[in-house]
Each structure stands twice: as structure tokens, then as C-alpha cells.
Amino acid sequence: MDYHVKLDMFEGPLDLLLHLISKAKIKIEDVSITEITEQYLEYLDRMKEFDVEIASEFLVMAATLLYIKSRSLLPKPKDEEQEESDPEQDLIRRLAEYKKYKEASEKLRQRENIYSNIYYKLPEELVDDKAKNSSTLIEGDVNDLVLAFLKLMSQRKFQKNEISIYPIIRRSITVSQRIREIKKILTKTSQCSFFQLLEDSCHRSDVVVTFLALLEMLKDNQIRIYQQGQFEDIIIRRASRGYGRT
Amino acid sequence: MKTLLLGGLVEDMDERDIMGLIETLLFVSGDAIPTKRIADFLDMDVRKARKLMEKLIDVFNFERRGLQIIRVNDSYQLATRPEYGEYIEKFFGADKKQSLSQAVLETLSIIAYRQPITRMDIELIRGVKCEYAINVLLEKGLIKEVGRMDAPGRPILYGTTDLFLKSFGLTSLEDLPPLEEGIEE
């Protein structure tokens, strides 16, 4: 049986690293990248195990971590000046930077929760009218255009959201009614065609009902039908011995 | 009684009358009105107009009115109070406004604090692609293009909008909660 394990979702490799660091209860500055690397790779393995598609960014970070780890194992190059930036310090700086904005976004979330509860009033119509009537040119830029467009789209959306219900009219002609009609036509003219019968109705149900009516009449020996070939017009003739069975 | 004429009307009205007039204008406007426009209309100093607006805000708050006046970048707007939000939803059977996803919110906060900023710089900080998040924010009108960087490819610079400030109850960008400074270089 299948079983599902919920993995914590992370916004990216930095997010995952921060999570691992906070779980280890250490400060970012004191992180040993080599230790964290193990856990990071372990997590990626688990993602693979659970058939989670791993985004390329996670793999890039794995490569970076392994690079840092390998560097720490190798003897340091003699001329230190050549190595200007230490990738480990770079990564730690990036982590600290990311953490800053992640925390800020949490504060913004709190504010969002409060302030999304505020409602405003739409401008009165006269405000719009005035803007429409005055042909003063306003200096605008791309953003004004975008805003105007979004405003329009939101109005459209509003209209679209109003559910409109169209009644679907069912033509209520029955097969027996149709038989009567066809009989009437056939008393006037001894012969007519299927296409003629359908001349002034393009509704699918009319075609079906007419066809059923013809089949019914044919079965009852009321008509004879002729056709030149497949998909050709069907010629309908009154049965020579009048209506009804012989 | 004198007829009210623009320009001369301020002298014939006491402060309460003027505040009532401003309240009326805010109501009809619906949108935010810049202080400058109010000041010009009332033929008064912008500083005085701003003071009057702040006083009006105080009056609304002191009387615990259902509506409040909010300030966004030196513009004023009439709005409901957040604490009544859930009742509005209940009364009108409206759905709760959908909140931004974590990815979108992180992107927004980077733009807010670091604007103007290019997409590449945002992605460098987050360590993941941000194209989708940026598109969502543009569509919601929370950010906008503020120019182009003078660099190869002339990448677009993004900044936040007044709608961003309003949506997060901020009066200006200075009002953003200070960043928790970690280790700096």
C-alpha cells in the first residue's frame, strides 16, 4: 500500500539550510558548513526517496557545499592572497542576508493579516465623469498604463463573475407529431426529400426526430424511400397502396 | 450670510466645518486625496492642511468611529477598520481575501527593503527563481517598474507601490519594520 510522508516544504536551498541550522540550535556565524552538508545531502536523498522533483537550485547548493567541504579537507594554498573570497564566509553571509528578509516577510505577513481586512469605497460616479469630460492630458508612464489596464480588467472580471444563466430551450416536437407533418406533406406532393423536410430547421433534434419519423413510417409500410448512394439525399415516396398495411 | 466661494470659504467656516468638508470630500473621492490637493482647495498652507488631517484622524479614532482615515505617502483616504473585517465578510458572505504565498511575500519584502532592485539581485538573495513571484506582485499592483538599470541588458528595476503601503498599513517606506540586522560585512 502507498504511504505518504509529508516533507516540510522549503522556499529554496537557503531556506532549507536555515531550517537545518535552526534545528541544530546554532548561530549562523558559528555554523560548520561541513556538518550541515551531511544533513543537507541527507534531506535531498529523502526528497529523492519520496519521488519529489528536486529543483536545480538545490543541486547547485549541494555542489557548493561539497566544494566548501573539499576545500576544508585539502591543505590551504600557500599564497593566501590568491584566494580573495572564502566560499564558506560567502555562504554564511548569504544565509544571514536571506534570513533578514525572511524574518521581515514574517512581519509583513502579520501586517497583511490585519490590513487585508480593510475595505475602501469606490469613487462616486461624478468623480469619474469629471475625469472623462475634462480632456486635460495627464503625464503618465508605463505604470499608469498598467494600472489603468488592471482596473479595466478587474471590472471585466467583475462582470464575468456574475453568473448568467441561459435557458436551454428544448424543442418539443415528438416523433408522432413529425409523422403527422410528413403525412400532410406527402398528401400534397407524392414525393419529397429528406433535405427538403429539414430545409427550415437547422436544429439537431429536428434532424433526429425527422429521421426517426421516417423509420417509423417505413416500418409501418406507409412510405418507400430511395437513395442514390451513401450520404445522398433520401427521396421519400408515399407507399403506392395508400397508408397502412396491406 | 455670505455665499461660500472657493478661496474665501475658509474664513467663514470654523475648524469643525472644514473638517466636515474634508470628510465629505474623502467620502466622495473613495480614493486617496493628496494633502496638497486639499490644501490648494482650501487655500491654505500644506502644513496646516496636514495638521488638520491629523486632527481629523484623531477625532475619528477618539470617537471610535466605524470608519478611519488612513495616511499613505501624504495622501488621505477613508477606510473601514481592520477589526471589523471579519464581520464585513460574514454580513456580506464574502470570501476571505487570499493571502500571498510565502515565496511571493519573501520576494515582496526584498523589493520593499532594497528598492529599486533587479530580478537578478532578488534571486541572488533568495537563491531561487523569482519570475513567477514578480509577475504575481505586478498583477496585484503591489510592485511596479521604476526604471532600468544602467547595466548590460538594461534590466528592469522594481519598486513598491502605494497600494503596497496601503495593503500593509504603512504610511510610507520609512514606516517599514526595521530589519533585524545580523552579521554585516
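The values are calculated or read from the model by the stated rules, or taken from the named source; none is laboratory data. A quick note: this is a predicted structure, and the numbers were derived from the prediction, not measured. In this analysis, Cβ positions are derived from the backbone assuming ideal geometry, glycine residues included, and neighbour counts consider all displayed protein chains. For accessibility, only protein heavy atoms count, side chains too; no ligands or nucleic acids. Shrake-Rupley method; radii C 1.70, N 1.55, O 1.52, S 1.80 Å.
Does the range A:162-183 contain at least one residue that is farther than 30 Å from B:Ser99 by Cα, at pLDDT below 70, open to solvent by less than 100 Å² (accessible area, probe 1.4 Å) and not in a loop (DSSP other than H, G, I, E, B)?
no
Give the residues of the range A:90-138 that are at pLDDT below 85 and assigned to a helix (DSSP H, G or I), sorted by residue number.
A:Glu125, A:Leu126, A:Val127, A:Asp128, A:Asp129, A:Lys130, A:Ala131, A:Lys132, A:Asn133
Going residue by residue through the range B:34-45, is there one that turns out to be within 14 Å of chain A (Cβ to nearest Cβ) and free of Cβ contacts under 8 Å to residues at least 12 places away in the same chain?
Within the range B:34-45, one or more residues are within 14 Å of chain A (Cβ to nearest Cβ) and free of Cβ contacts under 8 Å to residues at least 12 places away in the same chain.
Would you say B:Arg148 is on the phi > 0 side of the Ramachandran plot, more than 17 Å from the chain's Cα centre (by Cα), more than 7 Å from every other protein chain (Cβ to nearest Cβ) and modelled with pLDDT under 95?
no
Before we move on, is B:Ile88 facing another protein chain (nearest Cβ under 9 Å), in contact with a strand residue (DSSP E or B) (Cβ under 8 Å, 6 or more places away or on another chain), open to solvent by 30 Å² or more (accessible area, probe 1.4 Å) and not in a strand (DSSP E or B)?
So B:Ile88 passes the test.
Could you check the range B:134-145 and list, in sequence order, the residues that are at the interface with chain A (Cβ under 10 Å from one of its Cβ atoms) and either part of a helix (DSSP H, G or I) or of a type in the set (Gly, Ala, Ser) (or both)?
B:Leu138, B:Glu139, B:Gly141
Could you say whether any residue in the range B:94-115 is in contact with a Gly (Cβ under 8 Å, 6 or more places away or on another chain), within 20 Å of B:Glu145 (Cβ to Cβ) and more than 10 Å from chain A (Cβ to nearest Cβ)? Show your work before the answer.
Going through the range B:94-115, the residues in contact with a Gly (Cβ under 8 Å, 6 or more places away or on another chain) turn out to be B:111, B:115.
Subset that is within 20 Å of B:Glu145 (Cβ to Cβ): B:111, B:115.
Add one more test, that the residue is more than 10 Å from chain A (Cβ to nearest Cβ), and what stays is B:115.
Yes: the range B:94-115 contains one or more residues that are in contact with a Gly (Cβ under 8 Å, 6 or more places away or on another chain), within 20 Å of B:Glu145 (Cβ to Cβ) and more than 10 Å from chain A (Cβ to nearest Cβ).
Among the numbered criteria (1) in a loop (DSSP other than H, G, I, E, B); (2) more than 30 Å from B:Arg64 (Cβ to Cβ); (3) more than 8 Å from every other protein chain (Cβ to nearest Cβ), which one does B:Val128 miss?
All conditions pass for B:Val128, except number (3).
Any residue at all in the range A:45-67 that's at pLDDT 85 or above, in a helix (DSSP H, G or I), open to solvent by less than 70 Å² (accessible area, probe 1.4 Å) and more than 14 Å from every other protein chain (Cβ to nearest Cβ)?
no
Only residues that are in a loop (DSSP other than H, G, I, E, B), of a type outside the set (D, E, K, R) and more than 10 Å from every other protein chain (Cβ to nearest Cβ): list them for the range B:151-185, please. Before the answer, list the steps.
At the first step, the residues of the range B:151-185 found to be in a loop (DSSP other than H, G, I, E, B) are B:151-155, B:161, B:168-172, B:176-185.
Among the residues that remain, those that are also of a type outside the set (D, E, K, R) are: B:151-153, B:155, B:161, B:168-172, B:176-179, B:182-183.
Hits for the range B:151-185 are B:Ala151, B:Pro152, B:Gly153, B:Pro155, B:Thr171, B:Ser172.
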